[in-house]
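Enquirer: Sharing a structure here in structure tokens format.
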Amino acid sequence: MIIAIIPAKGGSKRLPNKNMVILNGRPMLEYAIDYVKDCDLINDFYISTDSDDIENFALNLGVKVIRRPVSLGGETPIIDVYKHALNNMKNKDLVTILAGIQPDHPDRNISLYDAIKIFQDKNLDRLLSKDKEDNKNGAHYILSRNFLDTEVSKNDYVVVDDCTNVHFESDLINAGKRLKNNENNSQ
């Protein structure tokens, strides 16, 4: 079973309430939700959050929520958030692949379907992403069950997705322009 986890904490030091900030008329979190919904390889998905506002927003969209403790916010390693989510879901023993989809990359250029197919075709333990300048980003973080259980990877792969990593207001503006440009080009 392939699941997706969208980690959406309530706080953010650089851009307050980043995951719910409005981008082109929609909360940034909604772009991540739509990104996951567009992938027919995903069997189930959840939002992991410590925020009442994010939980209510997700539930209103019919998205399942896993509440995480505040201790798994801030600068916590993201793998700890994914492990917490996995350990708090039904059917966790059936999960073979976990796709971590961070909301602060709203203008991804690689579809989740394509990223998962690369993961499967190359028999990976981890698929990560970076931008064209070789900076690691959180646009894609796909993990095998083996890696989740052991944190040992025998086969890693990095894809280049030159999307915006939103940390500041200027990043939000850039992502908004890129999304509008992509929308105009697809019409």
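The values are calculated or read from the model by the stated rules, or taken from the named source; none is laboratory data. Only a predicted model underlies this, so the values are computations on that prediction, with no experimental measurement involved. Counting neighbours? That spans all protein chains shown, and the Cβs are built from the backbone with ideal geometry, glycine included.
Enquirer: Give the residue that is nearest to residue 12 (Cα to Cα), with candidates limited to residues of the stretch 41-53 that are out of contact with any Lys or Arg (no Cβ under 8 Å at 6 or more places or on another chain) and assigned to a loop (DSSP other than H, G, I, E, B).
Expert: The selected residue is 42.
Enquirer: Still on this structure, please answer the following. Filter the stretch 112-139 down to the residues that are modelled with pLDDT under 95 and either at positive phi or exposed (fewer than 14 other Cβ atoms within 10 Å of the Cβ) (or both) and list them by number.
Expert: Listed by number, the residues that qualify are 132, 133, 134, 135, 136.
Enquirer: So is residue 159 part of a loop (DSSP other than H, G, I, E, B) and either touching a residue at least 40 places away in the same chain (Cβ under 8 Å) or loosely packed, with under 12 Cβ neighbours inside 10 Å (or both) or not?
Expert: Against the criterion (part of a loop (DSSP other than H, G, I, E, B) and either touching a residue at least 40 places away in the same chain (Cβ under 8 Å) or loosely packed, with under 12 Cβ neighbours inside 10 Å (or both)), residue 159 does not qualify.
Enquirer: Report every pair of residues separated by at least 6 positions or lying on different chains whose Cβ atoms are under 7 Å apart, first residue within the stretch 166-187 and within 17 Å of residue 22 (Cα to Cα), second small (Gly, Ala, Ser).
Expert: So the pair list comes out as 166/175.
Enquirer: Working only within the stretch 140-177, note down all residues that are among the hydrophobic types (A, V, I, L, M, F, W, C) and at pLDDT below 90.
Expert: Selection gives 168, 172, 173.
For every residue, the table says whether it meets (1) among the polar types (S, T, N, Q); (2) modelled with pLDDT under 95; (3) in a strand (DSSP E or B).
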site: 5; (1), (2), (3): no, no, yes
site: 12; (1), (2), (3): yes, yes, no
site: 16; (1), (2), (3): no, yes, no
site: 29; (1), (2), (3): no, no, no
site: 32; (1), (2), (3): no, no, no
site: 39; (1), (2), (3): no, no, no
site: 55; (1), (2), (3): no, no, no
site: 59; (1), (2), (3): no, no, no
site: 74; (1), (2), (3): no, yes, no
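Enquirer: From the list 127, 148, 143, 98, which one is within 27 Å of residue 17 (Cβ to Cβ) and in contact with a strand residue (DSSP E or B) (Cβ under 8 Å, 6 or more places away or on another chain)?
Expert: Selected residue: 98, the only one of 127, 148, 143, 98 that is within 27 Å of residue 17 (Cβ to Cβ) and in contact with a strand residue (DSSP E or B) (Cβ under 8 Å, 6 or more places away or on another chain).
Enquirer: Does residue 71 satisfy being surrounded by fewer than 21 Cβ atoms within 10 Å (Cβ to Cβ) and either touching a helix residue (DSSP H, G or I) at 6+ places or on another chain (Cβ under 9 Å) or over 21 Å from residue 140 (Cα atoms) (or both)?
Expert: yes
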